[in-house]
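Since the structure comes first, as structure tokens, the remarks are kept for the end.
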Amino acid sequence: MIGRLNHVAIAVKDLAAASKTYREVLGAKVSEPKAQPDHGVTVVFIELPNTKIELLEPLGEASPIAKFLEKNPDGGMHHVCYEVEDILAARDRLKAGGVRVIGDGNPKIGAHGKPVLFLHPKDFNGTLVEIEQV
Ligand code: CO
């Protein structure tokens, strides 16, 4: 069922500084920042040969990553995203396996314009997992 690693998301306090490090020190291809008010984040995409890194900076009062950054003041890995072919079939299989799907169980349109769901970190060794239909 599980497919490619689509991206690793890292929460950062200062998107400009983090982008600069990836661009200038690591020599990575870094996109312009994109505000995503529906998700409460501003995102930068970093294209690597085999996957992507997303840097997330809080946007607005009720950003879902604000609390994470309170606990992790230096920033940190926020989630990993795996690709699936059929998100509803994947959801049903995960639920049958005892995994908690966050929210109402209905996929939302994620940062790449594709349906996504988030899975409870307690069911994945402390790691928030996103699945994305590709
Ligand atoms: Co993501």
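Here is how the numbers come out for the structure above:
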read-out: About the Cα centre, charge dipole magnitude for the chain (Lys/Arg +1, Asp/Glu -1 at Cβ), debye; value: 200
read-out: Cβ-derived FRET efficiency at R0 30 Å, ALA62 paired with LEU88, nearest 0.05; value: 0.60
read-out: Point-to-point label distance, PHE124-ASP104, nm (Cα→Cβ direction, 7 Å offset); value: 2.2
read-out: Degrees between helix 87-96 axis and first principal axis of the chain (Cα, 0 to 90, nearest 10); value: 60
read-out: Members of LYS67/LYS95; LYS67/LYS122; LYS34/LYS114; LYS34/LYS108; LYS29/LYS52 lying beyond 22 Å, as alpha-carbon distances in this model show; value: LYS67/LYS95
read-out: Label point distance in nm, ASN50-ALA17, each placed 7 Å from Cα along Cα→Cβ; value: 3.1
read-out: Sorted largest first, extent of the chain alpha carbons per principal axis (Å); value: 45, 33, 26
read-out: Accessible surface, the range 6-134, averaged per residue in Å² (probe 1.4 Å); value: 57
read-out: ³J(HN,Hα), Karplus 6.51/-1.76/1.60, whole Hz, each residue of the range 28-43, x for Gly, Pro; value: 8, 8, 10, 6, 6, x, 10, 6, 10, x, 5, 9, x, 9, 10, 10
read-out: Within the chain, helix-based [θ] at 222 nm, where runs of 4 or more DSSP H residues each add -39,500 (n - 2.57), nearest 500; value: -4000 deg cm²/dmol
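The values are calculated or read from the model by the stated rules, or taken from the named source; none is laboratory data. As the structure is a prediction and not an experimental result, all values here were calculated from the model. In this analysis, Cβ positions are derived from the backbone assuming ideal geometry, glycine residues included, and neighbour counts consider all displayed protein chains. Areas reflect the complete protein model, heavy atoms only, side chains present, ligands, DNA and RNA absent. Shrake-Rupley method; radii C 1.70, N 1.55, O 1.52, S 1.80 Å.
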